[in-house]
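Enquirer: One structure, as structure tokens, below. Some questions next.
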Amino acid sequence: MIVGLLNQKGGVGKTTLAVNIAASLARSGDRVLLIDADPQGSSLDWAAAREVEPLFSVVGLPRATIHKEIGALGRDYDHIIIDGPPRVTDLARSAIMAADMVLVPVQPSPYDIWAADEVVKLIEEARVYKDSLAAAFVVNRKIANTAIGRDVGEALAGYSLPTLAATITQRVIFAEAAARGLAVHELEPNGPATAEIEAVTAELKEYR
Ligand SMILES: Nc1ncnc2c1ncn2[C@@H]1O[C@H](COP(=O)(O)OP(=O)(O)O)[C@@H](O)[C@H]1O
Ligand SMILES: [Mg+2]
């Protein structure tokens, strides 16, 4: 599958989810390519911080030609994850057109939920050309047992995209792992962050 992590808002978890979903797919033995489509190159930074053997390949491609190049680039891989850019540009459009599934991370804050209308519009535009395009929200940085955490699902229900049942909680291990170029499963294979990532990955696989 080709999954694009898209949201023009920065800091919502595109890179965090991209590397951990890629790692989770690679963990089950599949060949995975992570395309860093963000000019800031955070996924490339993640790979550079890593001191142990790579789990999957990472390439930087911050150009609006991803949808044209993905066929040749992805030939030897079972799955491709695209870490999207933090703006609505031709680059974001290209990343969406390259994907068969767009995953939109959103934090449980009203600002994030309102801001999602831009990326939803982009996805709807892309569907004019590609009606097979799947898309869903995934709630990231959920804070356990808060009202806002519970209400976010309801707020997102106003959009045309579904929301994954699996959610990702705010956990310091995501930042700790990122600093060392690791996936959360490498630090805590049986921990709750790993279980949440595995649940998101399993749900994505159902969309195929
Ligand atoms: N679930 C989470 N728990 C804790 N920190 C998180 C979580 N998701 C993301 N972060 C942190 O938030 C910051 C922004 O995340 P990032 O993945 O870089 O967002 P984006 O790629 O959308 O800009 C990073 O410092 C990252 O470590
Ligand atoms: Mg990023």
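Enquirer: Kindly indicate whether any position in region 18-41 is among the basic types (Lys, Arg) and near ligand 2 (Cβ under 10 Å from one of its atoms).
Expert: The answer is no, given that none of the residues of region 18-41 is among the basic types (Lys, Arg) and near ligand 2 (Cβ under 10 Å from one of its atoms).
Enquirer: Moving on. Could you list, in sequence order, all residues of region 57-68 that are open to solvent by 60 Å² or more (accessible area, probe 1.4 Å) and under 23 Å from Tyr207 (Cβ atoms)?
Expert: Hit for region 57-68 is His67, nothing else.
Enquirer: How many residues does region 117-138 hold that are in a helix (DSSP H, G or I) and open to solvent by less than 60 Å² (accessible area, probe 1.4 Å)?
Expert: Looking only at that region, the number is 5.
Enquirer: How many residues are open to solvent by 10 Å² or more (accessible area, probe 1.4 Å) and part of a loop (DSSP other than H, G, I, E, B) when one looks only at region 14-40?
Expert: 7
Enquirer: Taking the condition of being open to solvent by 60 Å² or more (accessible area, probe 1.4 Å) and either outside any helix (DSSP H, G or I) or in contact (Cβ under 8 Å) with a residue 12 or more places away in the chain (or both), how many residues in region 176-185 meet it?
Expert: Total meeting the criteria: 2.
Enquirer: Follow-up. For Pro54, state whether it is within 16 Å of ligand 2 (Cβ to nearest atom), open to solvent by 70 Å² or more (accessible area, probe 1.4 Å) and over 26 Å from Ala155 (Cβ atoms).
Expert: Here the answer is no, as Pro54 does not meet what is asked.
Enquirer: Taking Arg141, is it open to solvent by 80 Å² or more (accessible area, probe 1.4 Å) and within 25 Å of Ala47 (Cβ to Cβ)?
Expert: Answer is yes for this residue.
Enquirer: Under 8 Å between Cβ atoms, which residue pairs at least 6 apart in sequence (or on different chains) link something in region 190-208 that is over 12 Å from Ser24 (Cα atoms) and of a type in the set (Phe, Trp, Tyr) with a partner that is assigned to a helix (DSSP H, G or I) and open to solvent by 70 Å² or more (accessible area, probe 1.4 Å)?
Expert: As it stands, the answer is none, since no pair meets every condition given.
Enquirer: Those residues that are away from ligand 2 (no atom under 13 Å from the Cβ) and either farther than 19 Å from Thr194 by Cβ or surrounded by fewer than 18 Cβ atoms within 10 Å (Cβ to Cβ) (or both), I need them from region 1-13; list them, please.
Expert: Across region 1-13, the qualifying residues are Met1, Ile2.
Enquirer: Same structure again: Filter region 153-173 down to residues that are in a loop (DSSP other than H, G, I, E, B) and hydroxyl-bearing (Ser, Thr, Tyr) and give me whichever is most open to solvent (accessible area, probe 1.4 Å).
Expert: Ser160
Enquirer: Right, something else. Give me the residue from region 108-134 that is of a type in the set (Asp, Glu) and free of Cβ contacts under 8 Å to residues at least 60 places away in the same chain and, out of that set, nearest to Arg93 (Cα to Cα).
Expert: Glu125
Enquirer: Continuing with the same structure: Can you go through Arg27, Arg31, Arg63, Arg75 and tell me which one is of a type in the set (Lys, Arg), modelled with pLDDT of 95 or more and touching a Phe, Trp or Tyr at 6+ places or on another chain (Cβ under 6 Å)?
Expert: Matching residue, one of Arg27, Arg31, Arg63, Arg75: Arg31.
The values are calculated or read from the model by the stated rules, or taken from the named source; none is laboratory data. All of these numbers come straight from a predicted model, not from anything done at the bench. Neighbour counts run over all protein chains shown; Cβ positions are idealised from the backbone, glycine included. Accessible surface areas use protein heavy atoms only, side chains included; no ligands, DNA or RNA. Shrake-Rupley method; radii C 1.70, N 1.55, O 1.52, S 1.80 Å.
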